1. State which residue is most open to solvent (accessible area, probe 1.4 Å) when the search covers only the stretch 325-353 and only residues that are among the hydrophobic types (A, V, I, L, M, F, W, C) and near the ligand (Cβ under 8 Å from one of its atoms).
2. Among the candidates ILE102, ILE162, ILE154, which residue alone is surrounded by 15 or more Cβ atoms within 10 Å (Cβ to Cβ) and closer than 22 Å to TYR382 by Cα?
3. Please tell me if ASP39 is charged (D, E, K, R), at pLDDT 95 or above and open to solvent by less than 30 Å² (accessible area, probe 1.4 Å).
4. Evaluate the stretch 291-298: report whether one residue or more is over 25 Å from ILE41 (Cα atoms) and either within 16 Å of the ligand (Cβ to nearest atom) or touching a Ser or Thr at 6+ places or on another chain (Cβ under 9 Å) (or both).
5. Does ALA375 qualify as being buried (at least 21 other Cβ atoms within 10 Å of the Cβ) and in contact with a helix residue (DSSP H, G or I) (Cβ under 9 Å, 6 or more places away or on another chain)?
6. Let me spell it out: the conditions are (1) under 18 Å from ALA129 (Cα atoms); (2) over 18 Å from the mean Cα position of the chain (by Cα), and ASN329 meets all of them except one. Which number is the exception?
7. Quick one: in the stretch 179-210, which of the residues that are hydrophobic (A, V, I, L, M, F, W, C) and in contact with a Phe, Trp or Tyr (Cβ under 7 Å, 6 or more places away or on another chain) is nearest to SER225 (Cα to Cα)?
8. Please enumerate the residues belonging to the stretch 224-240 that are open to solvent by 10 Å² or more (accessible area, probe 1.4 Å) and in contact with a helix residue (DSSP H, G or I) (Cβ under 7 Å, 6 or more places away or on another chain).
Amino acid sequence: MVNWSPNVVEPSDGARIEADENGHLQVPDHPIICYIEGDGIGYDITTASLRIWDAAVKIAYGGSRKIAWLETYAGEKAAAHYDGDYMPDETFEVLKHFRVGIKGPLTTPVGTGFRSLNVTLRQVLDLFACIRPIRWYQNVPSPLKRPQDVNVVIFRENTEDIYAGIEFASGTADNRKLARFLREDLAANHFFEDAGLGIKPISPFGSKRLIRAAIEYAIQRERKSVTLVHKGNIQKYTEGAFQKWGYELAADEYPDQTITWEAMSANGSHPNPAGKILIQDVIADIMFQKMLLRPREHDVIATTNLNGDYLSDALAAQVGGVGIAPGANIGDGIALFEATHGTAPKYTNLDKVNPGSLLFSGVMMLEHIGWFEAASLITQAYEATLLDRIVTYDFARQMDQATEVSTSAFASSIIDRMS
Ligand code: NAP
């Protein structure tokens, strides 16, 4: 038993999720799972989602399994509990200790020097893979003619790239020092005087652990391909290296489970031999077009941080938008699932918004701990609710003859449709 502060009320009816030496989770029937409510609309979507997750687990396992929830604090609620501290160290310790958590959105004030709590959580906990499954659910409004063709899982590298925060503002002494070094020592002259400068680190370690996670996922979930998305035609030693390391990793570590186009052509084995995962790559800009015109050609996507940031929101928009796009941030032996939208402050406590993003992040979480039956109950009940055209405001404004309901009523409608 760890000595927590009084803010951590460990449920007495639950047990910690353990991991074996290979990092595989050992999940008890009453696992302790952390939740962070989040700011703004966080209360509404968390309250609704907790009801749905609990109902699904109860129905799926007849009461033999139950999540023992542990409320954990970040953002405004943390400040209230931890004397003004928005991101208490204890929260990191709790999340590390219990291994699995789920969080609502957190406020990041713009232009105040206040560091993004989300980015801090990812960096401190070394949650190196951001995973965003993007698929269409029946009846969800979409701008595409065939949204059902979109079914991809994006693995976005979470710790490197321009997000490493190595930037030097125009006019500062450090900026001038770096500019001088670039011009004088490296003969790198192709930038204007006083340009702001940023560094884009992409390492073999960071790239390979992300691509490895994507390939492992593809193997476990029996997906067909892993597409490496990069801008290597322009940024050869960062984005191009990411692509190169991806192919190397597949060949070195997964020679029996993966195959490339090149290898298939060489041995005349078209189409893809059964059971082998195709490793392919696409330049980032054309990937946006491909995902609009021929989305079925892609399955699991592994990409660098900035590409992944753009791609995840753009693809989410193809199948319903960020209101229902789920996400997870995964590290070694730790996983934090999260709503991908922000705090939508104008809707705070109005019981109005769509809980879908957090709800489906919870579905990912249930799958992560191996509770697939509960996860699919939620998906089925959600689709049944939409089929009856019961929706929150965001979908109601895009659908004909929809019945607009509150967040809490939407949750009740989903629970009513579980059996
Ligand atoms: P936002 O909170 O995501 O809201 C933008 C718009 O998206 C909303 O006005 C709403 O559109 C729609 N939306 C968001 N969540 C929705 C939901 N659950 N259901 C239906 N519609 C939803 O983005 P923002 O206004 O740029 O950011 C607000 C704050 O959130 C900022 O402090 C930002 O830093 C933070 N943020 C946090 C996270 C995170 O914690 N992971 C992520 C992004 C932003 P309509 O106005 O059209 O109804």
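1. Only one residue fits best here, namely ALA344.
2. Details: ILE162 fails: closer than 22 Å to TYR382 by Cα; ILE154 fails: closer than 22 Å to TYR382 by Cα.
Criteria check complete, one pass: ILE102.
3. Numbers: charged (D, E, K, R): yes; at pLDDT 95 or above: yes; open to solvent by less than 30 Å² (accessible area, probe 1.4 Å): yes.
Yes.
4. Going through the stretch 291-298, the residues over 25 Å from ILE41 (Cα atoms) turn out to be 291-298.
Next, from what is left, pick out any that are either within 16 Å of the ligand (Cβ to nearest atom) or touching a Ser or Thr at 6+ places or on another chain (Cβ under 9 Å) (or both): 297-298.
Yes - at least one qualifying residue is present in the stretch 291-298.
5. Details: buried (at least 21 other Cβ atoms within 10 Å of the Cβ): yes; in contact with a helix residue (DSSP H, G or I) (Cβ under 9 Å, 6 or more places away or on another chain): yes.
Yes; evaluated as a whole, the condition is true for this residue.
6. (2)
7. LEU210
8. LYS231, GLY232
The values are calculated or read from the model by the stated rules, or taken from the named source; none is laboratory data. Computed from a predicted model, the values in this text were never measured in an experiment. Glycine gets a Cβ as well: all are built from the backbone with ideal geometry, and neighbour counts include every protein chain shown. To get the accessible areas, we keep the full protein, side chains included, count just its heavy atoms, and leave off ligands, DNA and RNA. Shrake-Rupley method; radii C 1.70, N 1.55, O 1.52, S 1.80 Å.
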